[in-house]
Amino acid sequence: MRDFVLERPRSISEVLDTLQRHGNKAMVKSGGTDVIVWLHKSIKEPDYIVDLTAVEQLKGIVVNEDNVEVKALVTLNEVIGDDSLNRYFPALVQACKAHSDPLIRNRATVVGNVCAAVPSGDMIAPLVCYDAKVEITGPNGSRKVPVSEFITGPKRTSLGTDEIVTGIRIALPAVETSGCYLKAIRREALDIAQAAVCCTLFKGDNREFRIAFCAVSARPLRATEAEKLLNSCSNIDDEVIDQAAELAADAVDPITDVRASREYRVEMIAELTRRAISRCLERPAGEGVHK
Ligand SMILES: Cc1cc2nc3c(=O)[nH]c(=O)nc-3n(C[C@H](O)[C@H](O)[C@H](O)COP(=O)(O)OP(=O)(O)OC[C@H]3O[C@@H](n4cnc5c(N)ncnc54)[C@H](O)[C@@H]3O)c2cc1C
């Protein structure tokens, strides 16, 4: 591992000053569960690590009148333990529980997972289903970008070298919802997804299914044809669920790698989609309601 200078700014403005001074020689670190591995393996060799963990402004989950802010340093375990997120965004909580193990989840942040922009990142599909916005701050002010647009390719985002993500904002659902995140892995713990599916159901008069995938596309991807079919059917029986699962499988374009073959991934997407839709329909009324 190459030597680097560790910077520990204490406010967002200090972070931005530090990034401006060091330009592309700097790398931001939150939980460090990706960054430390990359440094050890010399995958990345920055001259400066800008550690965000002393910035109080980046801590906490804030429930506002019509949205929830998950700030940049919120860990997966904090999400799992938060009553509001369990109530309104159950699929995000399930994705946090499916990530790694309790020790890593104590460090790893939701924002770090999105910024790493790895196709197998567990947070991405639920945040896409919930239409979450990434909040970005830089020298020219702040901007908000949907997660689906923020990630521009494998390990690529629209973030500038002088910007940071301060948090993720999700609108509170105005109707009853249910949600399900299912992940195919080779062993019970500490494994990256071979494939995963997130399904959310917004109930009420204009019932809406949203389905997104993990580990089967270079960028965040929704199963738009499967969603259209489900959203146009008044009676969703097994046959409709099977058709939606096949449409979902048609939508993905996975690669073969050490974790799974392309063919296996496509089959898993069909099966996980079938199960996730069924689970969303079975959830008791009242879950995820914002009143
Ligand atoms: C043993 C092990 C198991 C793992 N299992 C899983 C798993 O099951 N599922 C999974 O999805 N991932 C897994 N990971 C990967 C990793 O834990 C996650 O991607 C994690 O959520 C990253 O969060 P972090 O806070 O540790 O990010 P960091 O390592 O601090 O940063 C990750 C990336 O995001 C950038 N970044 C971080 N915060 C910000 C910010 N606020 N603004 C701008 N850029 C920022 C960093 O520069 C870096 O590029 C695993 C890692 C390990 C070591």
Point to revise | Selection count, the range 150-175, where residues are touching an Asp or Glu at 6+ places or on another chain (Cβ under 7 Å) and open to solvent by 50 Å² or more (accessible area, probe 1.4 Å) | key: 2
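From ASP131, ASP122, which residue is in a loop (DSSP other than H, G, I, E, B) and away from the ligand (no atom under 11 Å from the Cβ)? Outline the logic, then answer.
Working: ASP122 fails: away from the ligand (no atom under 11 Å from the Cβ).
Exactly one residue qualifies, and that residue is ASP131.
For the condition closer than 30 Å to SER11 by Cα and more than 14 Å from the ligand (Cβ to nearest atom), what is the one hit in LEU172, LEU159? Lay out the reasoning, then the answer.
Details: LEU159 fails: more than 14 Å from the ligand (Cβ to nearest atom).
Selected residue: LEU172, the only one of LEU172, LEU159 that is closer than 30 Å to SER11 by Cα and more than 14 Å from the ligand (Cβ to nearest atom).
Among the residues that make up the range 264-279, is at least one of them open to solvent by less than 80 Å² (accessible area, probe 1.4 Å) and touching a Cys at 6+ places or on another chain (Cβ under 6 Å)? Can you show your working first?
The initial filter retains those residues of the range 264-279 that are open to solvent by less than 80 Å² (accessible area, probe 1.4 Å), namely 265-266, 268-274, 276-278.
Subset that is touching a Cys at 6+ places or on another chain (Cβ under 6 Å): 276-277.
Scanning the range 264-279 turns up at least one residue that is open to solvent by less than 80 Å² (accessible area, probe 1.4 Å) and touching a Cys at 6+ places or on another chain (Cβ under 6 Å).
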**Study point:** ILE104 vs. criteria touching a strand residue (DSSP E or B) at 6+ places or on another chain (Cβ under 6 Å) and closer than 29 Å to THR18 by Cα
**Key:** no
Review point. Can LEU201 be described as of a type outside the set (Ser, Thr, Tyr), within 19 Å of CYS129 (Cβ to Cβ) and in a helix (DSSP H, G or I)?
Key: no
Exercise for review: Show the residue pairs that are 6+ apart or on different chains and have beta-carbon atoms under 8 Å apart, the first residue being within the range 149-165 and in a loop (DSSP other than H, G, I, E, B), the second being among the aromatic types (Phe, Trp, Tyr) and more than 10 Å from the ligand (Cβ to nearest atom).
Suggested key: SER158/PHE150; LEU159/PHE150
Point to revise | Breaking point among (1) touching a residue at least 24 places away in the same chain (Cβ under 8 Å); (2) within 23 Å of VAL93 (Cα to Cα), for GLU227 | key: (1)
Practice item. Please give the helices (runs of 4 or more DSSP H) falling wholly within the range 4-114 in which 2 or more residues are under 30 Å from PHE202 (Cβ atoms) and away from the ligand (no atom under 13 Å from the Cβ). Key: 83-88, 90-98
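Could you please give the count of residues in the range 176-198 that are open to solvent by less than 20 Å² (accessible area, probe 1.4 Å), among the aliphatic types (A, V, I, L, M) and not in a loop (DSSP other than H, G, I, E, B)? Walk me through how you get there before you give the answer.
Taking the range 176-198 as the starting set, the residues that turn out to be open to solvent by less than 20 Å² (accessible area, probe 1.4 Å) are 177-181, 184, 191, 193-198.
Retained after the next criterion (residues that are among the aliphatic types (A, V, I, L, M)): 184, 193, 195-197.
Subset that is not in a loop (DSSP other than H, G, I, E, B): 184, 195-197.
Here the count works out to 4.
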Practice item. Can you tell me which residue among SER232, SER261 is modelled with pLDDT of 95 or more, open to solvent by 20 Å² or more (accessible area, probe 1.4 Å), polar (S, T, N, Q) and closer than 23 Å to LEU281 by Cβ? Key: SER232
Review point. Pairs, please: C-beta under 6 Å, at least 6 apart or cross-chain, first residue open to solvent by 40 Å² or more (accessible area, probe 1.4 Å) and in the range 115-141, second basic (Lys, Arg)?
Key: LYS133/LYS144; LYS133/ARG169
Check your understanding: Only one of (1) of a type in the set (Lys, Arg); (2) in contact with a strand residue (DSSP E or B) (Cβ under 8 Å, 6 or more places away or on another chain); (3) part of a helix (DSSP H, G or I); (4) buried (at least 17 other Cβ atoms within 10 Å of the Cβ) is not met by ARG210, so which one is it?
Key -> (3)
Study note, to complete from the structure: Sole miss for ASP205 among (1) more than 18 Å from the chain's Cα centre (by Cα); (2) modelled with pLDDT of 95 or more; (3) open to solvent by 40 Å² or more (accessible area, probe 1.4 Å) is condition (2)
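The values are calculated or read from the model by the stated rules, or taken from the named source; none is laboratory data. Worth saying up front: this structure is predicted, and the values here are computed from it rather than measured. Note that each Cβ is placed from the backbone with ideal geometry, even for glycine, and that neighbours are counted across all protein chains shown. All accessible areas refer to the heavy atoms of the entire protein, side chains included, with ligands and DNA or RNA removed. Shrake-Rupley method; radii C 1.70, N 1.55, O 1.52, S 1.80 Å.
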